[in-house]
Amino acid sequence: MKLLIGGYTKKKATGIYELPLKKADGLEMQMGPAKEVIKVGGPTYFVQDDKFIFTINNAGDKGGISSFELINGQYTQKDSYLTPGSAPAYIGINRNKKLLYTANYHTAVLAVFSYDQDGSLTYLDSVTHTADTLGPCPEQADGPHPHFFDETPQGNLVSCDLGNDCVDFYSFNNNKLKHLAKYQNEPGFGTRHIVFSLDGGYFYVVGELSSKINLVAIDETNWHFKNIATYSTIPDDFSDHNGSAAIKISRDGKFIYTSNRGHDTITVFAVNADHTLQLRQRISTFGEFPRDFNWDKSEKYVVATNQNTDNATLYTRDAENGCLTPIQKDIFVPEGTRVLFSE
């Protein structure tokens, strides 16, 4: 098993790094040293389909996505789709349909691409968010900022817009995007990322600017929403700056996890039978500014990256109570913002 970690390439980093993860003498599991395997600008988010990696690419005055194929143990660039301006912040994937979804924080563009068996990319359609419901925070004053674009349980598409404090839903039929519905978060929420309950009847959306998780009931057929509850990801007495980032739900639907940049923790919530949340744990990431974390297929091992301190932390996860236990700290990875376990 191995890890792929990428992020900004503003200081020390030069692309995507691979780290081995294996049993060590007398230890449960340990991560080995990071080795660059893909040289690319600003791979702050990327996804994988077997031998292909599809990554954000910040190529100077242009930005977009690129594909790389693993050939004879080395990654080779296959294709790129770049346009003038900033690169996207997020890329999602449907491996069955061979589709990619990107959200561009700076240009407010949501786009859909297809890819073929050779890793070639084809632009299909896009929409651009407008300044409809901008929040009151300074980070929202300059316009809409979509930070997430991916699929819903019923196969529609959903975006999270930090500038507009909202969750938007789209259909994608005949290679065309169509807006279906909008859920409005409270002003200043800073809508960033989203996960859905196993039954598809609820979603949990995390607000970067508010450091909150909003639980919402959703009827994805008639597009009815009900605001159920909101939970803080940080302690009530924490007054320094914090920006919540990633949110994940365990495969069994019993636990929610989110990262906190500033408080520098991962917060763990247990999911009650009625889908409400109960705080279970806040645990340090042993570094500064943890934008992303992820787990292996078994969800036994979790890795968090700290963007500002160039290090990662390895945890074990207890499937019964959801809690994390650190087993390795201070693993050097420069400017890491994206973690992906790879077989």
Find the centroid of the Cα atoms in region 196-223 and in region 255-284, then give the distance between the two in whole Å. 15
Longer than 30 Å from Cα to Cα, which of Lys51/Lys248; Lys35/Lys300; Lys12/Lys62; Lys97/Lys297; Lys11/Lys254; Lys78/Lys329 are they? Say none if no pair is. Lys11/Lys254; Lys78/Lys329
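Which of rounded, prolate, oblate describes region 118-202, given a ≥ b ≥ c as roots of the alpha-carbon gyration tensor eigenvalues and a/c under 1.5 marking rounded, otherwise prolate only if a/b is larger than b/c?
oblate
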Students often get this wrong: which residues of region 68-102 have the backbone nitrogen under 12 Å from the point 7 angstrom along Cα-to-C-beta of Tyr123? 81-85
If a/c stays under 1.5 just call it rounded; otherwise compare a/b with b/c (prolate if a/b is bigger, oblate if not). Do that for region 1-148, with a ≥ b ≥ c from the square roots of the Cα gyration tensor eigenvalues. prolate
Distance (nanometres) between label positions extended 7 Å along Cα→Cβ at Glu186 and Thr130: 2.9
Sort 5-16, 115-126 for me by packing, meaning the mean count of neighbouring Cβ atoms within 10 Å per residue, highest on top. 5-16, 115-126
Starting from 0.36 nm per residue, how many nanometres of slack lie between Arg251 and Gln278 once their C-alpha separation is accounted for? 8.0 nm
With springs only between Cα atoms under 10 Å, which of Arg291, Arg282, Arg251 fluctuates most in a Gaussian network model of the chain? Arg251
Can you give me the accessible area per residue for region 23-92, using a 1.4 Å probe, in Å²? 47
Accessible-area composition of the chain, carbon plus sulfur, in percent [1.4 Å probe]: 46
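Arrange the peptides 299-307, 161-169, 192-200 so that the one whose residues have, on average, the most other Cβ atoms within 10 Å appears first.
161-169, 299-307, 192-200
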Net charge (Lys, Arg +1; Asp, Glu -1) of residues whose beta-carbon lies under 11 Å from that of Phe255, Phe255 excluded, is +1
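What FRET efficiency comes out for the pair Asp116/Ala59, r = Cβ-Cβ distance, R0 = 30 Å, nearest 0.05? Please list the in-between numbers first.
On the way: r = 22 Å, r/R0 = 0.73.
Efficiency, rounded to the nearest 0.05: 0.85.
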For region 68-112, just say rounded, prolate or oblate: build the C-alpha gyration tensor, square-root its eigenvalues into a ≥ b ≥ c, call rounded for a/c under 1.5, and beyond that prolate if a/b exceeds b/c, oblate if not. oblate
Relative pair counts by distance (%), Cα atoms of the chain, 10 Å bins: 6, 26, 36, 26, 6, 0
Mind putting a number on the dipole of region 117-171 about its Cα centre? Charges go on the C-beta only, +1 for Lys and Arg and -1 for Asp and Glu, and I need it in Debye to the nearest 20. 40
7 Å from Cα along Cα→Cβ at both Lys23 and His224: what's the point-to-point distance in nm? 5.4
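The values are calculated or read from the model by the stated rules, or taken from the named source; none is laboratory data. Everything numeric here is computed off the predicted structure, so don't read it as measured data. Backbone-built Cβ (ideal geometry, glycine too); neighbour counts: all protein chains shown. The accessibility values were calculated without ligands, DNA or RNA, using every heavy atom of the protein model including side chains. Shrake-Rupley method; radii C 1.70, N 1.55, O 1.52, S 1.80 Å.
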